[in-house]
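Visitor: Here it is, the structure, as structure tokens.
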Amino acid sequence: MLDHTDTITRLRSELGSDKVSTSRKDLEASSHDTWPLMTKLNLLGEHPNMADIVVRAISEDDICTVLRIANETSTPVTVRALASSVTGQPLPTRGGIVLDLSGMPREYSVNETNMTVTATCSYNGGSLEERLNKTGWTMGHSPQSLFRSTVGGWLATLATGQFSSFYGGIEDLVVGYDIILATGEKVSLQANPRAAMGPDLRQLFLGSEGTLGIITSVTLKIFPEQEAEELMTYTIPTVKDGLAAMRELMASNLRPFLVRFYDTEEARHAMADKSFATPVLFVGSRGLKTMVAAEQSALKTIIETHGGKAIGPKGVEGWMGRRYDFSTVEALLASRGGFGETIEIAHNWDSIHALWEDLKQALDPLADEVLSHFSHIYMQGTSMYVIMLSKEDSDESAVERLREIWKTTMEVCLKHGAELSHHHGGGLARSPYSRRSLGDAHLVLRKLKAAMDPNSILNPGKLGLD
């Protein structure tokens, strides 16, 4: 372990001792996120990703001070906020400083004419959405972690939400943001409403996971409350039929706000019915009443062409009411030897079914239940989730099984040429596979890193940037 005595002394001198901690309790607390592997290690009292210092920033000046001292002392800096990451993004790999932004001021302002909201990076997404809802607006961004994540984290991890087929991912929703570079410069990146003055530089930092800069303020699109909403549940004969229906839906240029398709094993969970015997498709439309009615009619025609049968809205309504519920996985993780893991990936329409088949086969020996669903659809393909629920004899065995599950999933996806992550990012879980996944493009990422962070202090060990 490196001696950070000088760094600690300087941080306390310039920031105040109340913002700088080296206590074992604080270091252990900042060494875990909500990645199931880390949850189990925490229960075992193992902390393989500990910093040497925790700094609680409450202003942009604090951030700049930390970066200046870190550059001068070659001390790594890993940014952390609410730590809702499920892949290890906010965990240090070389000690140094954990820079905690959760105490930054929570401020926001709405421009109803331009239909935007600007919020500080630390603003809880769910709290902001609730405030907007009270005045008839929505961000349209609804990750399952909505009430556990921050708006800054959404950009850093290139997040998307459950209604992305209508509203888009965070890359579609962001208008601009402020960022502090590794070298301390403050930069504002905007495009109002679109700009063609060179490349869209906003894209450089989306999904960079704190390796290129620290986002401090975000401006997002907002949408007025819609006049009507209609939901419908369909049974589908096979997974292949459901994927074909989803593809045709996109090819028809329909844009339902909700599209979620479950294989039979996960349909039993989605429908809260252990006897459910077929895959199931959830769809929902929002907009003007006449448009909603027309879209639902068109959806029905397409889905029935692929063997779908409408069974009413109750299945979707039940899911809508519990879509932020983590209790199944949390209860398993809290039990001795229990674990639940979700890995999301993406692939093209011509390859997704074969990938689903191979993953189910490869993962079946590794968990009691292997579930899958498809959502976040595009013209070229769809994302796919694989969810493992299981129980081992001990937490130690659960840790080893989780590691085996990740390795198996990543290798199968690389074999198929699939995207290794759709929206949970890379973090520690996927970093070992980053270069193989990105191929030649990783050279561009390395060159960006060298230019933007010349002393390589920001979040080492992520995205294959070692």
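Visitor: Which whole-Hz couplings ³J(HN,Hα) result when phi for each residue of region 125-131 is put into the Karplus expression 6.51 cos²θ - 1.76 cosθ + 1.60, θ = phi - 60°, listed in order with x for Gly and Pro?
Guide: Computed from phi, the couplings for region 125-131 are x, x, 5, 5, 4, 5, 5 Hz.
Visitor: Report the relative contact order of region 5-103, percent, no decimals, based on alpha-carbon pairs under 8 angstrom and at least 6 residues apart.
Guide: Contact order relative to length: 34 percent.
Visitor: Using a cut-off of 24 Å between alpha-carbon atoms, which lysines can reach LYS447, once sequence neighbours fewer than 8 places away in the same chain are excluded?
Guide: LYS186, LYS462
Visitor: Here's something else I'd like to know. Report the full-extension gain for the segment GLU400 to LYS314: residue separation times 0.36 nm, less the Cα-Cα distance, to one decimal in nm. If you can, show how the numbers build up before the last one.
Guide: Working: separation 86, 0.36 × 86 = 30.96 nm, distance 3.92 nm.
Taking 0.36 nm per residue and subtracting the Cα distance, the gain is 27.0 nm.
Visitor: Let me ask something else about it. Let me know the Rg and Dmax you get for the chain when you use only its Cα atoms, in Å.
Guide: 22.5, 70
Visitor: Between ASP61 and LYS134, what is the label-point separation in nm under the 7 Å Cα-to-beta-carbon projection?
Guide: 3.1 nm
Visitor: Let me ask another. Pick out, from TYR108, LEU243, GLY207, the residue whose Cα sits farthest towards the positive end of the charge dipole of the chain, with +1 on the Cβ of Lys and Arg and -1 on the Cβ of Asp and Glu.
Guide: TYR108
Visitor: Something else now. Enumerate the lysines that LYS360 could reach by cross-link, defined here as Cα to Cα under 25 Å, with residues fewer than 8 away along the same chain left out.
Guide: Partners found: LYS40, LYS240, LYS274, LYS391, LYS407, LYS415.
Visitor: Hey, what did the chain get for relative contact order, percent, Cα under 8 Å, at least 6 apart? Walk me through the numbers on the way to the answer.
Guide: Working: 952 pairs, mean separation 75.1, N = 466.
Once normalised by length, the contact order is 16 percent.
Visitor: Quick one: putting +1 on the C-beta of Lys and Arg, -1 on the C-beta of Asp and Glu, what dipole do you get for region 108-224 around its Cα centre, in Debye to the nearest 20?
Guide: Roughly 140 debye, rounded to the nearest 20.
Visitor: Mind jotting down the three principal axis lengths of region 228-321 based on Cα atoms? Whole angstrom, largest first.
Guide: Sorted largest first, the three principal extents are 37, 28, 16 Å.
Visitor: Any idea what Rg and Dmax come out to for region 209-264 if you just take the C-alpha atoms, in Å?
Guide: 17.9, 48
Visitor: To make sure I understand, if each residue's beta carbon is the centre and we count other beta carbons within 10 Å, what order do VAL444, VAL86 fall in, fewest to most? Walk me through the numbers before you get to the answer.
Guide: On the way: VAL444 10, VAL86 24.
The most exposed by this proxy come first: VAL444, VAL86.
Visitor: Which lysines, on any chain, are close to LYS289 with Cα under 30 Å apart, when same-chain ones fewer than 8 places away are left out?
Guide: List returned: LYS134, LYS221, LYS300, LYS309, LYS314.
Visitor: At SER23 and GLU369, where each label point lies 7 Å from the Cα along Cα→Cβ, what is the point-to-point distance in nanometres?
Guide: Taking the two extended label points, one gets 3.9 nm.
Visitor: Another one. Based on C-alpha coordinates, I'd like the Rg and Dmax of region 112-162, in Å.
Guide: 10.5, 29
Visitor: For LEU2 and THR301, compute 0.36 nm times the residue count separating them, minus their Cα-Cα distance, and round to one decimal in nm. Display every interim value, and only then the final one.
Guide: Values: separation 299, 0.36 × 299 = 107.64 nm, distance 6.51 nm.
Result: 101.1 nm gained on full extension.
Visitor: Taking H placed 1.01 Å from N in the peptide plane, check which residues at least 5 places from TYR378 or on another chain put their amide H under 5 Å from its amide H.
Guide: none
Visitor: If each residue of separation counts as 0.36 nm, what is the full-extension length gain between ALA293 and GLU72 once their alpha-carbon separation is subtracted?
Guide: On the way: separation 221, 0.36 × 221 = 79.56 nm, distance 6.21 nm.
Once the chain is fully extended between ALA293 and GLU72, it gains 73.4 nm.
Visitor: Which FRET efficiency, nearest 0.05, do LEU204 and THR264 yield, Cβ-Cβ r, R0 56 Å? Could the numbers behind the result be given before it?
Guide: Working: r = 42 Å, r/R0 = 0.75.
E between LEU204 and THR264, to the nearest 0.05, is 0.85.
Visitor: Sort TYR108, TYR167, TYR324 so that the residue with the fewest other Cβ atoms within 10 Å of its own Cβ comes first and the one with the most comes last. Can you show the working numbers first?
Guide: Values: TYR108 17, TYR167 22, TYR324 14.
Ascending Cβ contact count within 10 Å gives the list TYR324, TYR108, TYR167.
Visitor: Work out the charge dipole of the chain with +1 on the Cβ of Lys and Arg and -1 on the Cβ of Asp and Glu about the Cα centre, then indicate which of THR219, LEU99, ILE170 is farthest towards its positive end.
Guide: Selected residue: THR219.
Visitor: Might you report the magnitude of the Cβ-based charge dipole of the chain about its Cα centre, with Lys and Arg at +1 and Asp and Glu at -1, to the nearest 20 debye? Working shown, then result.
Guide: Details: 45 positive and 58 negative charges, 90 e Å.
The calculated dipole for the chain is roughly 440 debye.
Visitor: Tell me, how many Å apart are the Cα centres for region 387-450 and for region 237-268?
Guide: When both Cα centres are located, 26 Å separates them.
Visitor: Could you work out how far helix 60-73 tilts from the main Cα principal axis of the chain, as a 0 to 90 degree angle to the nearest 10?
Guide: 60 degrees
Visitor: Just to be sure I understand: if I project the alpha-carbon convex hull of region 5-103 onto a plane and average over all orientations, what area do I get in nm²? Present the calculation step by step, with values, prior to reporting the outcome.
Guide: Working: hull surface 23.2 nm².
Seen from a random direction, the Cα hull of region 5-103 projects 5.8 nm² on average.
Visitor: For helix 289-305, report the angle its Cα long axis makes with the longest principal axis of the Cα atoms of the chain; keep it between 0 and 90° and round to the nearest 10°.
Guide: Roughly 70 degrees between the two axes.
Bear in mind that the values in this text are calculations on the coordinates, not laboratory data. Everything quoted here is computed from the prediction, not taken from an experiment. A quick note on method: Cβ atoms are made from the backbone with ideal geometry, for glycine too, and the neighbour counts reach across all protein chains shown.
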